[in-house]
Structure formats: C-alpha cells, structure tokens
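Everything below concerns the one structure shown next.
The values are calculated or read from the model by the stated rules, or taken from the named source; none is laboratory data. Model, not experiment: these values are computed from the prediction. A quick note on method: Cβ atoms are made from the backbone with ideal geometry, for glycine too, and the neighbour counts reach across all protein chains shown.
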Amino acid sequence: MSSVAPFLVFFIGAALVVGTSGILRSLVMLAIPVVGAVNLYMLPADASHVVPLLGYELELIKVDKLSLLFGYLFHLAAFLGIVFSLHVDDRVQHVSGLLYAGSALGAVFAGDLLTLFLFWELLAVTSVFLILARGTERSYGAAMRYLLIQVGSGVILLAGIAMHWTATGSTAIAQIGLQDWSSGLAGIASWLLLFAIGIKACFPLLHNWLTDAYPEATPTGTVFLSAFTTKVAVYTLARTFAGTELLVYIGAGMAMFPIFFAVIENDLRRVLAYSLINQVGFMVVGIGIGTALAVNGAVSHAFNDVIFKGLLFMSMGAVLYRTGKMNGSELGGLYKTMPWTAGFCMVGAASISAFPLFSGFVSKSMVMVAALEEHHPYVWLALLFASAGVFHHAGIKIPYFAFFAHDSGLRPKEAPLNMLIAMGLAAAICIFNGCYPWLLYSMLPNPVDYEPYTAAHVLTQTQLLFFSALAFVWLQLKGLYPPELPGINIDAEWSYRKGLPAVGRWAHKAAAAVRAEWLGVRGRIIEQVNAGIYRLHGPDGVFGRTWPTGRMAFWTTLMLGAYVILSYV
C-alpha cells in the first residue's frame, strides 16, 4: 500500500501535538488534515487492510465512493475546526479534537462491524473532553450524561453485532435492513443495530444528549462536535439500512419536531443544536426512501450541513468568545462591532435555509423531489413545513437576535483573525457548492441525473422563503412571535434528568419500606421461636426439668423397641 489508514494520520498527529507548543503546535495541527487528505487521495480505489487481533481479523480500511466522500468531508471539517481553534492554548482540546476526527475517519473506513464498534466508542471517549474543557458545573453534568448515553449506544451496538454474527456468521458491513422479530436472532439484531445507530443519529426521544451537551461545550469544541458524531451515524445508516421505510417517517418526525423547541429557545447554540437534528431528519428520510436520487440527496446534504452548520456554530462561538453571552435576550446590535462575523453568519443562515445559489438548495431539494417521485406526498409536505421552520429559527432568528434586533449595548471586538479565516473559508464553500454543485455531485455514491436549478424548484423555494419571512415580520410586528426570555424548556430529557431520579427515589423509599416490614416480620418470628424454645427448655419447660432415672430408662427402652420394630419392618 502507498498510504496508511486515514485515522492513523490524526492519531499520530495528536501524539505530535502533545509534545509541541506555540507556533510549532499550530503548524503541526494545520498540517495534519492536509497530509491526511493527500494520504486519502493516494488510497487505491479498492484498498483493503486487515489486521489480526485475538484470533479475529479487523478490516481497518475499505474504500468506495461513499466512504471517500465522507473521508474528504471529515478532513475538510477538521481543517476548518483547527483554523477556528488556533487562538486556543489548550492542549487537551487540541488533542481531543484530533483524536475525535480520527475516530470518525476510522468508523467511515471500517470494513467490518467490530472495527466500527471500536471507533464508535472512541468517538464518545475522545469527544467528551471538548465538553469538559468548558470547566463549568453545567458542562461537567452534561458531559457525564453525554458519555453515559454514547457508551450505552456502543453497548447496544455490540449486542446487535454479536447476535448478527451468531445468526449470519458474518460481521461485514453491508445492507442489513430491518427484519421482523419472528426472524429470530437476525431480527432482534437488526432492531438493536438500528436502535444503537438511532441514538447517535438523534431519532425522536433519543435526541436530547445533543441539545444537552453541545451548547455546554467550548466555543471551538462545539464546532468539532457538530461535524462528526451525527454524520457517522448517517453514514452507517446509509451503509446498513438504506431503503428501510420506517426511516422515512422517523426522518420526517426529526425534521419537524425540533422546530417548535428552537422557536422558543433562548440559548442560540441550543437553537442550532435543534436545527442540527432538523437537518439530519432530511438525511434520514433520503436514506429511508433508498433510491439513487434519495441517497445522493441525503449524502450531499450531509456534506453541505457539516459546512453551513459549522459556519453557524463558528459565528455563535465567536459571539460567545467575545461577549461571554449566548442568550438571545442578552444579545443584539453586535453587527456594529462584529460586521464580518455577522456577514458570515448570514451566509450560513442563507445556506441552511436553502436559498438559491447557496449550498442547502442543491441538496435538500434532492430529498424532497425523491419523496414525491416515490409517492410520499405527506412526507413531502412535512419536509416543506420543516424547510419553512428552519428558515424561521436558523435562517432568521439566529442572525436577527444575535446581531440586530434590539441594541444590547454590547460593543465587543471583532472575532480573532483565525476565526474570521475559518468562517470565510466555510462561507466560500457554501457559496461555491450552491453556485456550482456539480463537483459535489461527481463525488456522490450514485450517478447523478438531477438539475437543481429548474424554474419549478427555484420558484417553489423562493415563494416558500418569501412567505416565511413575511410571516416572521408579521408575527414580530403583532408581538406574537415568541420573545427571547430566560427560561428552561422541558424536552424528552426530562425522563432521565428528572423522571428517572424521581422513580429512583420512589423505588428507594419502597425498598426501605419493604425492608422495614421484613425486619419487623423477621423480628416477630424470632421472638416466637425464642418463646417456644424457652417454654420447652426453660427452667419450667419439659426438657428443662430433672427427670427420675426410672422414667428415663422407661422412655429409652420404649424408643429402642420402636427402632427395632421399624428396622425389622
């Protein structure tokens, strides 16, 4: 082989970063994704590398168009994240970010399920330090919950792998599909695998680890977090469950429900976290439909989402870095002193809202067209509603309340130069992919026969955006749009943050009551036994009295006779 496993470049680079500092560390960090991209380019199209481990062979590299696209995407995301974080002098964050990116690459190029599991767990362990690095009590609690859920996903994945291996004799990563429970181990394995992937993909009711943890990470850590975990899950779904109809409806739900939480949320990074789930919903729908057009749409939207969502998280990270605030109720008017950050944020907002000539337009529409072609009109309507909703909460709300709206009186400096460069690069990619999508289309796993800039597509999307903006303005003028107010929004996470502790306290009280009752019953039984023994063996008991010798001889003779008779019989 003329190159090495892609994850090794990042792992070796992380080791080099440990021993360097200052400018040298920055140069090493910038070189890592560049060297990694060159290494990836040199990988043969049919590359495969197997490593023996404990009698089992781990396939560390398996290359095709799908893995290559995600490989280049993760190198690009890592490079942007590194540039954005160059001002940070925190070795733990730098090393954690590199190991996290390397783990994502390891999962993408894994050729078997056991190798996937190893990197699946490494994703959790390496990324948690980006949340802990914030150094607050809230970030510590969020990090522990995040780690518990992520490791739990890995445990479920391993159980599914074991059952699938037992049932089929294979651990190759291939299309598994959702099987009926009556199929025995194979059916149970397919559901366990989908459940494990669904946790990382933020299926409804399994999503709160993201909205809980990502907003508590450092400004630079959130940029890394937004790029890898959910996209590894999307990649794995495309590998194993493409064409599973259940995913169509799960994805439609994912695209819709975050809108309602994002509209009333005050923390703008948490708004983006809900928006991330919304965008992954489009990808899940495309994978569920399973046609060439739908899968291409899902994969291309994953590519674009990493860039424009990263850009939005960068802009909010810059605001947090300069002001120390993230609530919409405390921000506003920042365009006066942070005009470049505001401009880049608006590019990200236009991209996620799928404005024509911006990246979201050329990928999101593929999924929606595929939904209509495969006779899912209600799903198409759900995605249309979700598109209008994301324009409200990410396209308008984020830049409006952060940089415009009321004047908060804050006059922070513009973002550091490295942050501006990273945002500028991401914005340029958003515009390039929107204006010239065919380079991205050429990298997709299936041949592309799709033209995004038809009159019908442009007109439909323009009308949707116009009337959504009109609705926002009208609601604002009428005072009906939910105001930015400090508060806590209750989501499904209540079940494990409040509900489970309450159940635990109830169970503890119930167990204590049962124990007390048992101790009381046991005490009464012991008292009764002691009383009976005392009656027999006490001073006045039958066995406590002194018996005459003759009487004792009589009873002994009687017992001996009975024994002889019984033995004879």
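When PRO215 is tested against (1) more than 26 Å from SER190 (Cα to Cα); (2) more than 17 Å from the chain's Cα centre (by Cα), just one condition goes unmet, and that condition is (2). Being buried (at least 23 other Cβ atoms within 10 Å of the Cβ) and out of contact with any Leu (no Cβ under 8 Å at 6 or more places or on another chain) is the filter here; which residues of the stretch 229-247 pass it? Correct list: ALA233, VAL234. Scanning the stretch 426-442 for residues being within 19 Å of ALA227 (Cα to Cα) and touching a helix residue (DSSP H, G or I) at 6+ places or on another chain (Cβ under 6 Å) gives a total of 6.
Conditions tested, residue by residue: (1) under 26 Å from MET316 (Cα atoms); (2) within 25 Å of the chain's Cα centre (by Cα); (3) of a type outside the set (Phe, Trp, Tyr).
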residue: LEU40; (1), (2), (3): no, no, yes
residue: LEU43; (1), (2), (3): no, no, yes
residue: ASP46; (1), (2), (3): no, no, yes
residue: HIS49; (1), (2), (3): no, no, yes
residue: LEU66; (1), (2), (3): no, yes, yes
residue: LEU76; (1), (2), (3): yes, yes, yes
residue: LEU80; (1), (2), (3): yes, yes, yes
residue: HIS94; (1), (2), (3): yes, yes, yes
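Does at least one position in the stretch 472-486 carry a residue that is in the same structural domain as PHE344 (by TED's automatic domain parsing), in contact (Cβ under 8 Å) with a residue 12 or more places away in the chain, touching a Leu at 6+ places or on another chain (Cβ under 8 Å) and assigned to a helix (DSSP H, G or I)? No, there is no match, as no residue in the stretch 472-486 is in the same structural domain as PHE344 (by TED's automatic domain parsing), in contact (Cβ under 8 Å) with a residue 12 or more places away in the chain, touching a Leu at 6+ places or on another chain (Cβ under 8 Å) and assigned to a helix (DSSP H, G or I). Pairing each residue of the stretch 376-388 that is within 10 Å of ALA255 (Cα to Cα) with any residue that is outside any helix (DSSP H, G or I), provided the two are 6+ apart or on different chains, yields C-beta distances under 8 Å for SER387/SER353; SER387/ALA354.
Checking LEU123 against (1) surrounded by fewer than 22 Cβ atoms within 10 Å (Cβ to Cβ); (2) touching a residue at least 12 places away in the same chain (Cβ under 8 Å); (3) part of a helix (DSSP H, G or I), only one condition comes out false. Which one? Only one criterion is unmet by LEU123, namely (1). Among the residues of the stretch 143-167, those that are within 13 Å of LEU210 (Cα to Cα), in contact with a helix residue (DSSP H, G or I) (Cβ under 8 Å, 6 or more places away or on another chain) and not charged (D, E, K, R) comprise ALA143, TYR146, LEU147, ILE149, GLN150. Could you check the stretch 188-209 and list, in sequence order, the residues that are surrounded by fewer than 19 Cβ atoms within 10 Å (Cβ to Cβ), of a type in the set (A, V, I, L, M) and farther than 22 Å from ARG270 by Cα? Listed by number, the list holds a single entry, ILE188. Out of curiosity, is SER226 out of contact with any helix residue (DSSP H, G or I) (no Cβ under 6 Å at 6 or more places or on another chain), buried (at least 24 other Cβ atoms within 10 Å of the Cβ) and in contact (Cβ under 8 Å) with a residue 12 or more places away in the chain? Criteria not met by SER226.
So, MET42, is that one in contact (Cβ under 8 Å) with a residue 60 or more places away in the chain and out of contact with any strand residue (DSSP E or B) (no Cβ under 7 Å at 6 or more places or on another chain) or not?
Judged against the criteria, MET42 is not a match.
For the condition modelled with pLDDT of 85 or more and touching a Ser or Thr at 6+ places or on another chain (Cβ under 7 Å), what is the one hit in LEU464, LEU485?
Details: LEU485 fails: modelled with pLDDT of 85 or more.
Going through LEU464, LEU485 in turn, the sole match is LEU464.
Considering VAL34, VAL51, VAL92, the condition of being surrounded by fewer than 20 Cβ atoms within 10 Å (Cβ to Cβ), farther than 19 Å from VAL234 by Cβ and at pLDDT 95 or above is satisfied by VAL34 alone.
Scanning the stretch 1-31 for residues that are surrounded by 13 or more Cβ atoms within 10 Å (Cβ to Cβ) and of a type outside the set (A, V, I, L, M) yields a count of 9.
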